[in-house]
2 protein chains.
Amino acid sequence: MSTNAKEAILAAARKTAQAHGYGGLSYRDLAAEVGIKAASIYHHFASKADLGAAVARRYWEDTAAELDAMLAEISDPVRCLHRYPDIFRRSLEDGNRLCLCSFMSAEYADLPEVVQREAQHFAEVNIAWLGKVLVLAGMAEPEGSEARARAIFAAVSGAQLYARSRSDVSQFDALIESYRTSGLLPA
Amino acid sequence: MSTNAKEAILAAARKTAQAHGYGGLSYRDLAAEVGIKAASIYHHFASKADLGAAVARRYWEDTAAELDAMLAEISDPVRCLHRYPDIFRRSLEDGNRLCLCSFMSAEYADLPEVVQREAQHFAEVNIAWLGKVLVLAGMAEPEGSEARARAIFAAVSGAQLYARSRSDVSQFDALIESYRTSGLLPA
DNA sequence: ATTTCCCTACCTATCGTTAGGCAGGGTGAA
DNA sequence: TTCACCCTGCCTAACGATAGGTAGGGAAAT
(Lines give C-alpha, C1' and ligand atoms only; values in the text may rest on other atoms or scores of the structure.)
Protein backbone atom coordinates (compact mmCIF):
# COMPACT_ATOMS: atom_id res chain seq x y z
CA MET A 1 0.00 0.00 0.00
CA SER A 2 3.04 2.27 0.30
CA THR A 3 3.59 3.70 -3.17
CA ASN A 4 -0.08 3.31 -4.11
CA ALA A 5 -1.50 4.97 -1.02
CA LYS A 6 -2.37 8.13 -2.90
CA GLU A 7 -4.20 6.19 -5.59
CA ALA A 8 -5.96 4.08 -2.98
CA ILE A 9 -7.14 7.24 -1.22
CA LEU A 10 -8.43 8.68 -4.48
CA ALA A 11 -10.29 5.48 -5.32
CA ALA A 12 -11.85 5.13 -1.88
CA ALA A 13 -12.78 8.83 -1.77
CA ARG A 14 -14.44 8.61 -5.15
CA LYS A 15 -16.59 5.67 -4.12
CA THR A 16 -17.57 7.32 -0.86
CA ALA A 17 -18.30 10.66 -2.49
CA GLN A 18 -20.57 9.01 -5.05
CA ALA A 19 -22.60 7.55 -2.19
CA HIS A 20 -22.40 10.26 0.48
CA GLY A 21 -21.14 13.36 -1.27
CA TYR A 22 -18.22 15.62 -0.55
CA GLY A 23 -19.65 16.29 2.89
CA GLY A 24 -19.72 12.57 3.52
CA LEU A 25 -15.98 12.26 3.05
CA SER A 26 -14.32 11.61 6.39
CA TYR A 27 -10.55 11.49 6.84
CA ARG A 28 -10.86 8.83 9.49
CA ASP A 29 -13.15 6.55 7.50
CA LEU A 30 -11.10 7.09 4.38
CA ALA A 31 -7.85 6.30 6.16
CA ALA A 32 -9.31 3.17 7.74
CA GLU A 33 -10.40 1.95 4.33
CA VAL A 34 -6.94 2.47 2.89
CA GLY A 35 -5.13 1.05 5.90
CA ILE A 36 -3.38 4.15 7.23
CA LYS A 37 -4.17 6.83 9.80
CA ALA A 38 -6.19 9.96 9.17
CA ALA A 39 -3.31 12.36 9.65
CA SER A 40 -1.27 10.50 7.05
CA ILE A 41 -3.62 11.63 4.32
CA TYR A 42 -2.16 15.10 4.73
CA HIS A 43 1.08 13.77 3.35
CA HIS A 44 -0.70 13.28 0.02
CA PHE A 45 -3.36 16.03 0.04
CA ALA A 46 -2.91 19.40 1.67
CA SER A 47 -6.55 19.77 2.67
CA LYS A 48 -9.99 18.29 2.21
CA ALA A 49 -10.63 20.80 -0.55
CA ASP A 50 -7.51 19.59 -2.36
CA LEU A 51 -8.57 15.99 -1.95
CA GLY A 52 -12.07 16.74 -3.21
CA ALA A 53 -10.72 18.60 -6.20
CA ALA A 54 -8.30 15.76 -7.00
CA VAL A 55 -11.12 13.22 -6.79
CA ALA A 56 -13.37 15.27 -9.06
CA ARG A 57 -10.57 15.90 -11.54
CA ARG A 58 -9.70 12.23 -11.74
CA TYR A 59 -13.39 11.50 -12.17
CA TRP A 60 -13.84 13.62 -15.29
CA GLU A 61 -10.46 12.56 -16.64
CA ASP A 62 -11.50 8.91 -16.43
CA THR A 63 -14.88 9.66 -17.96
CA ALA A 64 -13.34 11.65 -20.79
CA ALA A 65 -11.02 8.75 -21.56
CA GLU A 66 -13.90 6.29 -21.42
CA LEU A 67 -16.03 8.36 -23.78
CA ASP A 68 -13.19 8.79 -26.27
CA ALA A 69 -12.46 5.08 -26.12
CA MET A 70 -16.10 4.32 -26.80
CA LEU A 71 -16.17 6.55 -29.84
CA ALA A 72 -12.93 5.02 -31.11
CA GLU A 73 -14.14 1.46 -30.63
CA ILE A 74 -17.69 1.88 -31.86
CA SER A 75 -17.34 4.10 -34.88
CA ASP A 76 -21.11 4.44 -35.35
CA PRO A 77 -22.13 7.68 -33.56
CA VAL A 78 -25.76 6.61 -33.21
CA ARG A 79 -24.72 3.48 -31.37
CA CYS A 80 -22.47 5.63 -29.19
CA LEU A 81 -25.43 7.78 -28.22
CA HIS A 82 -27.37 4.67 -27.48
CA ARG A 83 -24.71 3.45 -25.11
CA TYR A 84 -24.09 6.79 -23.42
CA PRO A 85 -26.59 6.27 -20.56
CA ASP A 86 -24.78 3.06 -19.63
CA ILE A 87 -22.12 5.11 -17.90
CA PHE A 88 -24.72 6.46 -15.48
CA ARG A 89 -26.39 3.10 -15.23
CA ARG A 90 -23.18 1.51 -14.04
CA SER A 91 -22.98 3.85 -11.04
CA LEU A 92 -26.45 2.80 -9.98
CA GLU A 93 -25.55 -0.85 -10.34
CA ASP A 94 -22.48 -0.28 -8.21
CA GLY A 95 -24.16 0.23 -4.86
CA ASN A 96 -26.84 2.65 -6.03
CA ARG A 97 -24.19 5.34 -6.44
CA LEU A 98 -24.70 8.71 -8.07
CA CYS A 99 -22.64 10.56 -10.62
CA LEU A 100 -20.10 12.51 -8.61
CA CYS A 101 -20.91 15.65 -10.56
CA SER A 102 -24.61 15.38 -9.76
CA PHE A 103 -23.93 14.95 -6.08
CA MET A 104 -21.60 17.91 -6.09
CA SER A 105 -24.14 19.98 -7.99
CA ALA A 106 -26.54 19.39 -5.14
CA GLU A 107 -23.86 20.24 -2.59
CA TYR A 108 -22.74 23.16 -4.73
CA ALA A 109 -23.33 25.89 -2.13
CA ASP A 110 -21.07 24.21 0.42
CA LEU A 111 -18.24 23.27 -1.91
CA PRO A 112 -14.80 24.92 -1.96
CA GLU A 113 -14.21 26.74 -5.23
CA VAL A 114 -11.56 24.33 -6.46
CA VAL A 115 -14.00 21.46 -6.06
CA GLN A 116 -16.80 23.38 -7.77
CA ARG A 117 -14.62 23.97 -10.80
CA GLU A 118 -13.61 20.35 -11.22
CA ALA A 119 -17.18 19.17 -10.80
CA GLN A 120 -18.37 21.60 -13.44
CA HIS A 121 -15.72 20.32 -15.79
CA PHE A 122 -17.28 16.86 -15.73
CA ALA A 123 -20.45 18.30 -17.23
CA GLU A 124 -18.47 20.21 -19.82
CA VAL A 125 -16.64 17.07 -20.88
CA ASN A 126 -19.91 15.18 -21.27
CA ILE A 127 -21.63 17.98 -23.16
CA ALA A 128 -18.70 18.51 -25.52
CA TRP A 129 -18.59 14.80 -26.32
CA LEU A 130 -22.36 14.55 -26.78
CA GLY A 131 -22.35 17.62 -29.01
CA LYS A 132 -19.64 16.17 -31.20
CA VAL A 133 -21.34 12.79 -31.51
CA LEU A 134 -24.73 14.40 -32.22
CA VAL A 135 -23.21 16.23 -35.18
CA LEU A 136 -21.46 13.07 -36.38
CA ALA A 137 -24.78 11.25 -36.18
CA GLY A 138 -26.41 13.96 -38.25
CA MET A 139 -28.89 14.58 -35.44
CA ALA A 140 -27.97 18.21 -34.87
CA GLU A 141 -26.47 21.15 -36.68
CA PRO A 142 -23.19 22.38 -35.18
CA GLU A 143 -24.94 25.54 -33.94
CA GLY A 144 -27.60 23.75 -31.94
CA SER A 145 -25.63 20.70 -30.95
CA GLU A 146 -24.43 22.02 -27.60
CA ALA A 147 -27.92 22.96 -26.42
CA ARG A 148 -29.18 19.53 -27.36
CA ALA A 149 -26.20 17.89 -25.70
CA ARG A 150 -26.87 19.81 -22.50
CA ALA A 151 -30.49 18.68 -22.57
CA ILE A 152 -29.46 15.06 -22.88
CA PHE A 153 -26.89 15.37 -20.11
CA ALA A 154 -29.34 17.06 -17.73
CA ALA A 155 -32.13 14.60 -18.49
CA VAL A 156 -29.93 11.54 -18.01
CA SER A 157 -28.62 13.02 -14.75
CA GLY A 158 -32.18 13.52 -13.60
CA ALA A 159 -33.07 9.96 -14.50
CA GLN A 160 -30.15 8.67 -12.46
CA LEU A 161 -31.17 10.82 -9.51
CA TYR A 162 -34.74 9.55 -9.63
CA ALA A 163 -33.70 5.91 -9.97
CA ARG A 164 -31.35 6.29 -7.00
CA SER A 165 -34.18 7.59 -4.84
CA ARG A 166 -36.02 4.37 -5.65
CA SER A 167 -32.96 2.12 -5.36
CA ASP A 168 -34.18 0.65 -8.63
CA VAL A 169 -32.04 0.52 -11.74
CA SER A 170 -35.00 -0.55 -13.86
CA GLN A 171 -36.53 2.88 -13.24
CA PHE A 172 -33.47 4.35 -14.92
CA ASP A 173 -33.91 2.05 -17.90
CA ALA A 174 -37.58 2.99 -18.19
CA LEU A 175 -36.77 6.69 -18.10
CA ILE A 176 -34.13 6.37 -20.81
CA GLU A 177 -36.66 4.47 -22.88
CA SER A 178 -39.16 7.29 -22.40
CA TYR A 179 -36.55 9.79 -23.53
CA ARG A 180 -36.18 7.77 -26.71
CA THR A 181 -39.92 7.56 -27.26
CA SER A 182 -40.37 11.26 -26.81
CA GLY A 183 -37.52 12.11 -29.16
CA LEU A 184 -34.95 13.53 -26.73
CA LEU A 185 -32.68 10.56 -27.41
CA PRO A 186 -32.45 8.74 -30.77
CA ALA A 187 -34.75 5.72 -30.90
CA MET B 1 -43.06 33.80 17.88
CA SER B 2 -44.72 31.57 20.51
CA THR B 3 -47.60 29.81 18.76
CA ASN B 4 -45.91 30.10 15.39
CA ALA B 5 -42.57 28.70 16.51
CA LYS B 6 -43.28 25.31 15.01
CA GLU B 7 -44.24 26.84 11.69
CA ALA B 8 -41.25 29.15 11.78
CA ILE B 9 -38.96 26.16 12.36
CA LEU B 10 -40.55 24.30 9.46
CA ALA B 11 -40.15 27.26 7.15
CA ALA B 12 -36.54 27.92 8.12
CA ALA B 13 -35.67 24.23 7.89
CA ARG B 14 -37.18 23.99 4.44
CA LYS B 15 -35.16 26.91 3.14
CA THR B 16 -31.97 25.58 4.66
CA ALA B 17 -32.57 22.06 3.42
CA GLN B 18 -33.15 23.29 -0.11
CA ALA B 19 -29.73 24.96 -0.01
CA HIS B 20 -27.67 22.57 2.12
CA GLY B 21 -29.67 19.38 2.31
CA TYR B 22 -30.88 17.35 5.25
CA GLY B 23 -27.30 17.00 6.42
CA GLY B 24 -26.95 20.76 6.37
CA LEU B 25 -29.74 21.20 8.88
CA SER B 26 -28.34 22.30 12.22
CA TYR B 27 -30.42 22.68 15.35
CA ARG B 28 -28.31 25.60 16.52
CA ASP B 29 -28.49 27.52 13.25
CA LEU B 30 -32.17 26.75 12.91
CA ALA B 31 -32.95 27.92 16.41
CA ALA B 32 -30.96 31.12 15.95
CA GLU B 33 -32.94 31.88 12.80
CA VAL B 34 -36.25 31.37 14.58
CA GLY B 35 -35.21 33.23 17.72
CA ILE B 36 -35.18 30.39 20.26
CA LYS B 37 -32.54 28.02 21.64
CA ALA B 38 -31.52 24.74 20.05
CA ALA B 39 -32.88 22.56 22.84
CA SER B 40 -36.30 24.18 22.48
CA ILE B 41 -36.77 22.63 19.07
CA TYR B 42 -37.15 19.27 20.80
CA HIS B 43 -40.39 20.50 22.23
CA HIS B 44 -41.82 20.59 18.70
CA PHE B 45 -39.92 17.77 17.01
CA ALA B 46 -38.76 14.65 18.81
CA SER B 47 -35.66 14.18 16.68
CA LYS B 48 -33.89 15.44 13.59
CA ALA B 49 -35.45 12.60 11.62
CA ASP B 50 -38.90 13.75 12.72
CA LEU B 51 -38.12 17.33 11.77
CA GLY B 52 -36.79 16.26 8.38
CA ALA B 53 -39.86 14.15 7.72
CA ALA B 54 -42.18 16.99 8.74
CA VAL B 55 -40.34 19.40 6.44
CA ALA B 56 -40.51 17.00 3.51
CA ARG B 57 -44.18 16.24 4.15
CA ARG B 58 -45.10 19.91 4.30
CA TYR B 59 -43.09 20.41 1.13
CA TRP B 60 -45.07 17.94 -0.96
CA GLU B 61 -48.36 19.03 0.64
CA ASP B 62 -47.68 22.61 -0.41
CA THR B 63 -46.65 21.54 -3.87
CA ALA B 64 -49.72 19.34 -4.29
CA ALA B 65 -51.94 22.26 -3.32
CA GLU B 66 -50.11 24.56 -5.68
CA LEU B 67 -50.46 22.16 -8.59
CA ASP B 68 -54.14 21.61 -7.96
CA ALA B 69 -54.70 25.35 -7.70
CA MET B 70 -52.92 25.86 -10.99
CA LEU B 71 -55.08 23.31 -12.73
CA ALA B 72 -58.19 24.86 -11.22
CA GLU B 73 -57.23 28.37 -12.22
CA ILE B 74 -55.87 27.65 -15.68
CA SER B 75 -58.30 25.15 -17.10
CA ASP B 76 -56.23 24.57 -20.24
CA PRO B 77 -54.03 21.50 -19.52
CA VAL B 78 -51.50 22.41 -22.21
CA ARG B 79 -50.91 25.76 -20.59
CA CYS B 80 -50.57 23.99 -17.24
CA LEU B 81 -47.84 21.80 -18.65
CA HIS B 82 -46.19 24.88 -20.01
CA ARG B 83 -46.12 26.47 -16.59
CA TYR B 84 -45.08 23.37 -14.69
CA PRO B 85 -41.31 24.06 -14.85
CA ASP B 86 -41.91 27.44 -13.21
CA ILE B 87 -42.18 25.72 -9.86
CA PHE B 88 -38.62 24.50 -10.18
CA ARG B 89 -37.52 27.79 -11.66
CA ARG B 90 -38.72 29.66 -8.62
CA SER B 91 -36.44 27.67 -6.31
CA LEU B 92 -33.47 28.66 -8.40
CA GLU B 93 -34.49 32.29 -8.34
CA ASP B 94 -34.82 32.09 -4.57
CA GLY B 95 -31.17 31.85 -3.68
CA ASN B 96 -30.21 29.19 -6.21
CA ARG B 97 -32.07 26.62 -4.16
CA LEU B 98 -32.82 23.07 -5.22
CA CYS B 99 -36.00 21.06 -5.06
CA LEU B 100 -35.98 19.45 -1.63
CA CYS B 101 -36.82 16.09 -3.15
CA SER B 102 -33.82 16.27 -5.50
CA PHE B 103 -31.47 17.12 -2.68
CA MET B 104 -32.82 14.30 -0.60
CA SER B 105 -32.54 11.91 -3.53
CA ALA B 106 -28.84 12.69 -3.61
CA GLU B 107 -28.58 12.25 0.15
CA TYR B 108 -30.79 9.18 -0.05
CA ALA B 109 -28.28 6.71 1.45
CA ASP B 110 -27.85 8.76 4.63
CA LEU B 111 -31.51 9.60 5.22
CA PRO B 112 -33.69 8.14 7.99
CA GLU B 113 -36.44 5.99 6.55
CA VAL B 114 -39.24 8.38 7.53
CA VAL B 115 -37.51 11.15 5.62
CA GLN B 116 -36.92 8.92 2.60
CA ARG B 117 -40.60 8.10 2.39
CA GLU B 118 -41.77 11.72 2.52
CA ALA B 119 -39.19 12.75 -0.08
CA GLN B 120 -40.35 9.99 -2.40
CA HIS B 121 -43.90 11.15 -2.00
CA PHE B 122 -43.05 14.52 -3.52
CA ALA B 123 -42.07 12.78 -6.74
CA GLU B 124 -45.23 10.69 -6.66
CA VAL B 125 -47.38 13.79 -6.29
CA ASN B 126 -45.68 15.46 -9.22
CA ILE B 127 -45.87 12.39 -11.44
CA ALA B 128 -49.54 11.76 -10.65
CA TRP B 129 -50.42 15.36 -11.47
CA LEU B 130 -48.36 15.37 -14.66
CA GLY B 131 -49.91 12.10 -15.77
CA LYS B 132 -53.39 13.42 -15.23
CA VAL B 133 -52.71 16.66 -17.09
CA LEU B 134 -50.99 14.82 -19.94
CA VAL B 135 -54.14 12.76 -20.47
CA LEU B 136 -56.34 15.87 -20.23
CA ALA B 137 -54.15 17.52 -22.84
CA GLY B 138 -54.54 14.53 -25.10
CA MET B 139 -50.79 14.09 -25.14
CA ALA B 140 -50.76 10.58 -23.71
CA GLU B 141 -52.95 7.54 -23.38
CA PRO B 142 -53.87 6.66 -19.80
CA GLU B 143 -51.62 3.57 -19.98
CA GLY B 144 -48.48 5.41 -20.96
CA SER B 145 -49.12 8.67 -19.16
CA GLU B 146 -47.29 7.79 -15.98
CA ALA B 147 -44.09 6.79 -17.78
CA ARG B 148 -44.17 10.03 -19.71
CA ALA B 149 -44.90 11.99 -16.57
CA ARG B 150 -41.92 10.40 -14.85
CA ALA B 151 -39.71 11.32 -17.77
CA ILE B 152 -40.79 14.94 -17.56
CA PHE B 153 -40.30 15.06 -13.81
CA ALA B 154 -36.82 13.52 -14.00
CA ALA B 155 -35.74 15.74 -16.87
CA VAL B 156 -36.94 18.94 -15.22
CA SER B 157 -35.20 17.88 -11.99
CA GLY B 158 -32.00 17.33 -13.93
CA ALA B 159 -32.32 20.72 -15.56
CA GLN B 160 -32.67 22.36 -12.17
CA LEU B 161 -29.66 20.49 -10.85
CA TYR B 162 -27.55 21.57 -13.79
CA ALA B 163 -28.64 25.19 -13.61
CA ARG B 164 -27.86 25.26 -9.91
CA SER B 165 -24.32 24.04 -10.52
CA ARG B 166 -23.92 27.05 -12.82
CA SER B 167 -25.77 29.49 -10.54
CA ASP B 168 -27.57 30.53 -13.69
CA VAL B 169 -31.35 30.43 -14.05
CA SER B 170 -31.11 31.11 -17.78
CA GLN B 171 -29.48 27.71 -18.17
CA PHE B 172 -32.66 26.22 -16.74
CA ASP B 173 -34.77 28.16 -19.22
CA ALA B 174 -32.59 27.03 -22.10
CA LEU B 175 -32.86 23.40 -21.02
CA ILE B 176 -36.64 23.55 -20.76
CA GLU B 177 -36.72 25.10 -24.21
CA SER B 178 -34.58 22.22 -25.51
CA TYR B 179 -37.00 19.74 -23.98
CA ARG B 180 -39.79 21.44 -25.94
CA THR B 181 -37.81 21.41 -29.17
CA SER B 182 -36.97 17.74 -28.81
CA GLY B 183 -40.55 16.79 -28.04
CA LEU B 184 -40.30 15.77 -24.39
CA LEU B 185 -42.43 18.76 -23.41
CA PRO B 186 -45.22 20.23 -25.53
CA ALA B 187 -44.01 23.09 -27.71
C1' DA C 1 -52.71 22.30 39.13
C1' DT C 2 -51.29 20.96 34.99
C1' DT C 3 -49.68 21.70 30.55
C1' DT C 4 -47.11 24.53 27.23
C1' DC C 5 -43.01 26.55 25.86
C1' DC C 6 -38.56 27.75 26.39
C1' DC C 7 -34.42 28.07 29.10
C1' DT C 8 -29.33 26.84 30.97
C1' DA C 9 -25.99 23.54 31.16
C1' DC C 10 -24.06 19.66 29.75
C1' DC C 11 -23.17 15.12 27.37
C1' DT C 12 -20.80 12.23 23.84
C1' DA C 13 -19.32 11.72 19.18
C1' DT C 14 -17.19 13.30 15.19
C1' DC C 15 -15.21 16.69 12.28
C1' DG C 16 -10.84 18.76 9.74
C1' DT C 17 -6.50 19.95 11.09
C1' DT C 18 -1.92 20.49 13.42
C1' DA C 19 2.41 19.49 16.02
C1' DG C 20 5.96 16.70 16.48
C1' DG C 21 8.34 12.42 16.03
C1' DC C 22 10.09 7.91 14.11
C1' DA C 23 11.89 4.56 10.69
C1' DG C 24 14.00 3.84 6.34
C1' DG C 25 16.15 5.05 1.91
C1' DG C 26 19.05 8.12 -1.01
C1' DT C 27 22.78 11.32 -1.53
C1' DG C 28 26.91 13.90 -1.02
C1' DA C 29 31.05 14.92 1.58
C1' DA C 30 35.01 13.38 4.32
C1' DT D 1 33.58 3.33 3.48
C1' DT D 2 31.40 5.90 6.66
C1' DC D 3 28.91 9.60 8.50
C1' DA D 4 25.80 13.52 8.22
C1' DC D 5 21.84 15.07 6.16
C1' DC D 6 17.33 15.24 4.13
C1' DC D 7 13.19 13.36 2.08
C1' DT D 8 9.33 10.13 2.17
C1' DG D 9 5.64 8.00 4.41
C1' DC D 10 3.61 7.09 8.17
C1' DC D 11 2.65 7.46 13.20
C1' DT D 12 0.54 9.21 18.10
C1' DA D 13 -1.76 12.73 20.42
C1' DA D 14 -4.19 16.42 20.72
C1' DC D 15 -6.57 20.85 19.15
C1' DG D 16 -11.04 23.71 18.74
C1' DA D 17 -15.38 23.53 16.59
C1' DT D 18 -19.65 21.57 15.82
C1' DA D 19 -22.98 17.88 15.72
C1' DG D 20 -27.50 15.74 17.78
C1' DG D 21 -29.39 14.97 22.00
C1' DT D 22 -30.66 14.97 27.30
C1' DA D 23 -31.79 16.53 32.15
C1' DG D 24 -34.05 19.50 34.79
C1' DG D 25 -35.99 23.86 35.90
C1' DG D 26 -38.56 28.40 35.35
C1' DA D 27 -42.47 31.05 33.95
C1' DA D 28 -46.74 31.79 31.83
C1' DA D 29 -51.13 30.22 30.18
C1' DT D 30 -55.15 27.21 30.83
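The values are calculated or read from the model by the stated rules, or taken from the named source; none is laboratory data. On a predicted model such as this, the values are computed, not experimentally measured, just so you know. We place every Cβ from the backbone using ideal geometry, glycine too, and count neighbours over all the protein chains shown.
Remarks
- Just so you know, in the stretch A:76-115 the residues that are assigned to a loop (DSSP other than H, G, I, E, B) and charged (D, E, K, R) include one that is nearest to the chain's Cα centre (by Cα), and it is A:97.
- A count restricted to the stretch B:136-173 and to residues that are touching a helix residue (DSSP H, G or I) at 6+ places or on another chain (Cβ under 6 Å), part of a helix (DSSP H, G or I) and farther than 21 Å from residue A:160 by Cβ stands at 3.
- Residue within the stretch B:75-86 that is more than 11 Å from DNA strand C (Cβ to nearest atom) and at pLDDT below 95 present: yes
- Any hit, the stretch B:56-68, residues being part of a helix (DSSP H, G or I), in contact (Cβ under 8 Å) with a residue 60 or more places away in the chain, buried (at least 19 other Cβ atoms within 10 Å of the Cβ) and of a type in the set (A, V, I, L, M): yes
- Subset of the stretch B:27-47 that is more than 10 Å from DNA strand C (Cβ to nearest atom) and crowded, with 18+ Cβ neighbours inside 10 Å - its residue that is farthest from residue B:15 (Cα to Cα): B:45
- Across the stretch A:1-26, the qualifying residues are those that are in contact (Cβ under 8 Å) with a residue 12 or more places away in the chain and more than 23 Å from residue B:23 (Cα to Cα), and the one among them that is surrounded by the most Cβ atoms within 10 Å (Cβ to Cβ) is A:9.
- Evaluation of residue B:68 against the conditions (1) out of contact with any Gly (no Cβ under 6 Å at 6 or more places or on another chain); (2) more than 13 Å from DNA strand C (Cβ to nearest atom); (3) under 21 Å from residue B:117 (Cβ atoms) shows that the sole unmet condition is (3).
- Count - residues of the stretch A:97-111 that are touching a Ser or Thr at 6+ places or on another chain (Cβ under 8 Å) and facing chain B (nearest Cβ under 7 Å): 5
- Total residues in the stretch B:1-55, condition part of a loop (DSSP other than H, G, I, E, B) and touching a Phe, Trp or Tyr at 6+ places or on another chain (Cβ under 7 Å): 1
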